[in-house]
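I have placed the structure first, in the form of C-alpha cells, so that the comments after it can refer back to it.
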Amino acid sequence: MSENLNKETVVSYYDEHVKNKLIDYIKVNPRIEFAWKTITNNAPANPLRILEVGCGMGSISSRMSSHWPDAQVTGIDISTLSIQIAQKLFGSKKLDFRETILTPETFNEQFDLIVFMDVYEHIAVTDRPAVHAALLKILKNKGRIILSVPTPHNLKWSLVNKPGTMQPVDEHISFEVIGKLASGTDTEVMLYDIKSVWNTGDYAHIVLEKNDDFEAAFFKNKPVTTAERTKRIIGKAKAAVGSIFRKYYVRKKLG
C-alpha cells in the first residue's frame, strides 16, 4: 500500500461503498457496459485463465466466466466485504475470489487475460512498480491487459465539481503513465480509445499485449494472395506514372 494511506483506511472505504457496486449490478451502469464491450471485443481468443484485479462484488468476473465457460476466472480485491459478497453471489468451481492485492508473490500461475475495471487509477504511484512486476511475471505470451480508467480531465472536473466522489487514491492516468505501464510489463499498447459515457471523453479504454514472438513474426515472409499481388502491381504502376508528372512539376518549378 501507499505510505500515505494504511491498508485499514482503504479497506474501510471500499467496504463502506459495496452498496454502490450492488446497485451498479442491479440497475446496470453504462460505464460498466461500455467497458464490457471493450473486454469482449479485445480479449484473446478463448482465454483459459482470467484475472480481474479489483473485482469488487464480482459481477464482471461472473460475466467473463459465463462468456468464456472453459476459462478459470479469478477475482481479487482488497475489500473484505466485497469478496464475501462475490463468493456468495457468484463463487463456483470455475470462478474463484480472493481477498488480496496484486504483488509479485500473489500468483505463480500465468493468465491469458487480466482486467482492471476502473481500478488502475486507484493504485498509488508508489505501489505501481510492484504491480508492474507482478504483471510481468503472470501475463502469458500473447496475453492481454485491459483497463478502463477515467481520463485526467474527468478527474480534474470531478475534484472541483464532485469532490465527494473522489476515492482515497485517484491518480491521473496520462499517456506517460500508460507508457510506463507498457514498459514495466513488457507489453505493447494495442488500443487507446476515448469513450464518452456521461460526458464527452470522460473515460479511456486501454489494451496492452505481451508478444515475445513479435520480432520473428515481423520478419517472417507472409503468403501473398493473387488479389494482393494484383493490387501491388497496380499500385506500383500508378506510382510510376505519377512519378513522371511529379518529376516534370519539380523541374518546371525549380528549373
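At-a-glance table
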read-out: Dipole magnitude (debye, nearest 20) for the chain, charges at Cβ of Lys, Arg, Asp, Glu; value: 2200
read-out: Surface accessible to a 1.4 Å probe, LEU81 within the full protein complex, Å²; value: 70
read-out: Solvent exposure, largest accessible area first (probe 1.4 Å, DNA, RNA and ligands not counted), of ASP24, ASP77; value: ASP24, ASP77
read-out: For the chain: span of alpha carbons on each principal axis (Å, largest first); value: 76, 45, 36
read-out: Percent breakdown of C-alpha pair distances by 5 Å bin, ordered from the shortest bin, for region 65-181; value: 2, 9, 17, 22, 20, 15, 10, 4, 1, 0
read-out: Per residue convex hull volume, Cα atoms of region 154-245, in Å³; value: 213
read-out: Relative contact order (percent, whole number), region 107-199, Cα cutoff 8 Å, 6+ residue spacing; value: 36
read-out: Of all accessible heavy-atom area on region 24-101, the percent that carbon and sulfur account for (1.4 Å); value: 51
read-out: Among LEU113, GLN87, ILE123 - extreme Cα towards positive end, dipole of region 23-137, charges at beta-carbon; value: GLN87
read-out: Under 16 Å from the Cα of LYS142 - aspartates and glutamates, other chains or at least 8 residues apart; value: GLU109, ASP112, ASP186, GLU188, GLU209, ASP212, ASP213, GLU215
read-out: Accessible area per residue, Å², region 23-131 with all protein chains present, probe 1.4 Å; value: 44
read-out: Globularity ratio of region 15-119, using Cα Rg and 2.2 N^0.38 Å; value: 1.00
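The values are calculated or read from the model by the stated rules, or taken from the named source; none is laboratory data. Since the structure is predicted, the reported quantities are computational estimates derived from the model, not experimental observations. Reconstructed Cβ throughout: ideal geometry from the backbone, glycine too, with neighbour counts over all protein chains shown. Remember, those area values only see protein heavy atoms, side chains included, never the ligands or the DNA or RNA. Shrake-Rupley method; radii C 1.70, N 1.55, O 1.52, S 1.80 Å.
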